[in-house]
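To keep things clear, I will list the structure first and then write my remarks on it.
The values are calculated or read from the model by the stated rules, or taken from the named source; none is laboratory data. If you're wondering where the values come from, they're calculated on a predicted model, not measured in any experiment. Here the Cβ positions follow ideal geometry from the backbone for every residue, glycine too, while neighbour counts run over all protein chains shown. Ligands, DNA and RNA are excluded from the accessible area calculation, which covers all protein heavy atoms including side chains. Shrake-Rupley method; radii C 1.70, N 1.55, O 1.52, S 1.80 Å.
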Amino acid sequence: MDIKIDCDEGRFKFRVCGILRVQDKYLVVKINDNNFYCLPGGHVELGEDTDTAVLREMHEELGYKVDIERMVCVVQNFFKTAQGKPFHEMGYYYVVTPQNLEDVNLEDHVRMEMDKGKLQRLEFKWVTIEQLKQLDFRPAILAEKLTSNVFENIIQKD
């Protein structure tokens, strides 16, 4: 069971993401009909630690296994949905590396994923940091933190 709350007062989700870099490009994803990109990842499940969750989510979304290098940051992201509903997202962000580089599709591509009975369209794109700063990328603060070697707890309020 995913850790998320949806009620009249707003929404909450507990998320993990992987930062995958190959040859100075980072993998980002646009999910379904979203008009923005984010890092690949997903919900933490009840009773699951974040290390296990990021490894599971990366395998589910990418189709191959990764190893964790290190955690980069925790982002407490507060924003409003398109409908004006308050949203609180807690995200744990990890630098990950593929176990076998030959498994990695280094081209921009689309992949379909069955996620808890719902078909998801994942549009993957490889971008440099400069290109990332020009995209609608969320949370935007991460574009500056991807190359950081200092762990941070970031609170972002839009």
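Miscellaneous remarks
- Inter-residue pairs, beta-carbon under 6 Å, first in a strand (DSSP E or B) and in segment 11-31, second open to solvent by 50 Å² or more (accessible area, probe 1.4 Å) and of a type in the set (F, W, Y), 6+ apart: V16/Y92
- Screening G117 on (1) buried (at least 17 other Cβ atoms within 10 Å of the Cβ); (2) over 14 Å from L39 (Cβ atoms); (3) of a type in the set (G, A, S) shows it passes everything except condition (1).
- Residues satisfying the criterion are present in segment 92-107 (criterion: open to solvent by less than 80 Å² (accessible area, probe 1.4 Å), in contact with a helix residue (DSSP H, G or I) (Cβ under 9 Å, 6 or more places away or on another chain) and without any contact (Cβ under 8 Å) to a residue 60 or more places away in the chain).
- Checking K30 against (1) open to solvent by 40 Å² or more (accessible area, probe 1.4 Å); (2) modelled with pLDDT of 95 or more; (3) over 16 Å from L142 (Cβ atoms); (4) not acidic (D, E), the condition it does not meet: (3)
- Applying the criterion of being of a type in the set (D, E, K, R), open to solvent by 40 Å² or more (accessible area, probe 1.4 Å) and not in a strand (DSSP E or B) to the residues of segment 43-65, the residue that is modelled with the lowest pLDDT is E60.
Rundown of residues vs (1) within 23 Å of F14 (Cβ to Cβ); (2) surrounded by 15 or more Cβ atoms within 10 Å (Cβ to Cβ), yes/no style:
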site: D67; (1), (2): yes, no
site: F87; (1), (2): yes, yes
site: W126; (1), (2): no, yes
site: L135; (1), (2): no, yes
